[in-house]
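Down below is the structure, laid out as structure tokens.
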Amino acid sequence: MMRITRLTFPRLVLRRFNSTIHDTKVLGDLTNEETVFGIIKNHKLKQTETYEPQALSDIDDEILSLLQHPEVDFNNSLLARILRLKLNTETNIKLISEFYNHQPKGIIDKATSLVPLRQCLFNGDIQNALKITDMTVGHPNYVEHKDKIFKRNIARLIGSSISISIFSRFGIEELIQLGWVSSGWSHMSAISSLIITYLLNSTFLLTIVRLGRTAVASGGDYLTWQKGTFYTHWYKHADEMMMCSKIVEADIKLTGGGISGGEPSESLKDELSRINPHNTMKPVAGYNKDGEKIRLMRFKDNIEDITLQAYWMSGGEGFEWVEPDQDPADILWRNNLMRQKLETSSTRSIKWAEQLIEDTKN
């Protein structure tokens with residue numbers, strides 16, 4: 001009987017809160033971020049007190065109603081703080097959608113996006129992890145932001161190239177005569193030419209390294225781009241690929257990785273490596289006629305499969321069996337997944353007991 005009372009308690013609180021949601025005298029100064037964050041923090045405590053779907057839905061509605069208040073400034077700072085509270089994944093998805101309603105041109109940076117992603121992976125929720133990725137670093141606003149950064153870096157690269165060419169061809173004396181540089185540089189023309197050329201070369205090389213590292217290394221050991229994908233797409237969607245590679249890694253650990261131990265589930269492979277049949281010559285990202293996203297990614301050759309083939313072809317010669325290390329993080333993760341299963345089964349048994357009590361009363 002006490003158990004039933006505890007489950008219905010949040011709903012009673014929500015009814016009382018709902019009557020005062022637009023009363024700033026009760027809630028406090030909603031223009032203050034700390035006030036809004038404090039209210040949502042209390043709702044986080046309510047979420048931990050119940051597993052009842054209706055009560056959780058009511059809590060989500062109250063949080064959204066608060067954020068929709070005209071005095072609330074739902075900005076990036078507030079969103080990041082709320083996501084770090086580790087609310088339910090369904091709540092986080094609603095929060096991100098509401099953020100875009102407040103900020104149609106807003107972007108959610110990679111550091112903030114990783115918070116709900118890691119929460120999904122920690123709970124073994126692959127589908128919502130993909131959804132979080134598409135709503136953050138895969139969102140059109142974020143892709144447009146990365147495109148601007150790319151163009152700015154290209155302009156810097158071209159500017160450095162032109163500057164190096166000018167200094168190499170004319171030198172400081174010619175530039176002084178042309179009036180492009182002050183005559184105060186004349187007494188140290190040789191030194192200044194060396195220094196400036198060095199700085200320009202460094203800028204040129206650093207820009208190339210940054211662009212290349214971001215575009216190529218994002219897929220880790222699992223993902224790369226489909227053949228024919230243009231380099232600008234690599235850069236703009238590098239963070240999306242990085243998050244997808246983390247999803248693949250978690251999926252492999254959850255499913256066991258198949259025979260080789262390194263294969264993701266078929267459903268995830270289909271989702272990430274989907275091909276648009278109407279754009280075979282030049283891959284184009286977007287959505288197909290069924291509304292499924294085309295990410296222009298493909299899976300790298302499985303190193304474990306190649307190693308296994310080499311093992312069988314050589315008859316095991318040259319190979320040495322090594323017991324894998326026990327990673328404490330993996331142990332904690334699997335314990336968390338097991339605890340979630342126990343809580344789910346416990347909730348079901350509670351519902352069965354509640355139904356039995358109701359039938360007895362009737």
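The values are calculated or read from the model by the stated rules, or taken from the named source; none is laboratory data. If you're wondering where the values come from, they're calculated on a predicted model, not measured in any experiment. Note: ideal-geometry Cβ built from the backbone for every residue, glycine included; neighbour counts use all protein chains shown.
Tabulated data for the structure shown
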| item | result |
| --- | --- |
| Check on Pro53, closer than 18 Å to Asp125 by Cα, without any contact (Cβ under 8 Å) to a residue 60 or more places away in the chain and over 22 Å from the mean Cα position of the chain (by Cα) | yes |
| Residue match in segment 128-146 (condition: more than 15 Å from the chain's Cα centre (by Cα), part of a helix (DSSP H, G or I), surrounded by 19 or more Cβ atoms within 10 Å (Cβ to Cβ) and free of Cβ contacts under 8 Å to residues at least 60 places away in the same chain) | no |
| Given (1) at pLDDT below 75; (2) part of a loop (DSSP other than H, G, I, E, B), index of the condition Gly291 fails | (1) |
| Some residue of segment 225-234 being closer than 16 Å to Gly138 by Cβ, crowded, with 17+ Cβ neighbours inside 10 Å and hydroxyl-bearing (Ser, Thr, Tyr) | yes |
| Flag for Glu62 being modelled with pLDDT under 95 and touching a His at 6+ places or on another chain (Cβ under 9 Å) | yes |
| Unmet criterion (only one of (1) more than 15 Å from the chain's Cα centre (by Cα); (2) of a type outside the set (Phe, Trp, Tyr); (3) surrounded by 17 or more Cβ atoms within 10 Å (Cβ to Cβ)) for Val115 | (1) |
| Scope segment 299-325; condition in a loop (DSSP other than H, G, I, E, B) and either surrounded by 10 or more Cβ atoms within 10 Å (Cβ to Cβ) or modelled with pLDDT of 70 or more (or both); matching residues | Lys300, Asp301, Asn302, Gly315, Gly316, Glu317, Gly318, Phe319, Glu320 |
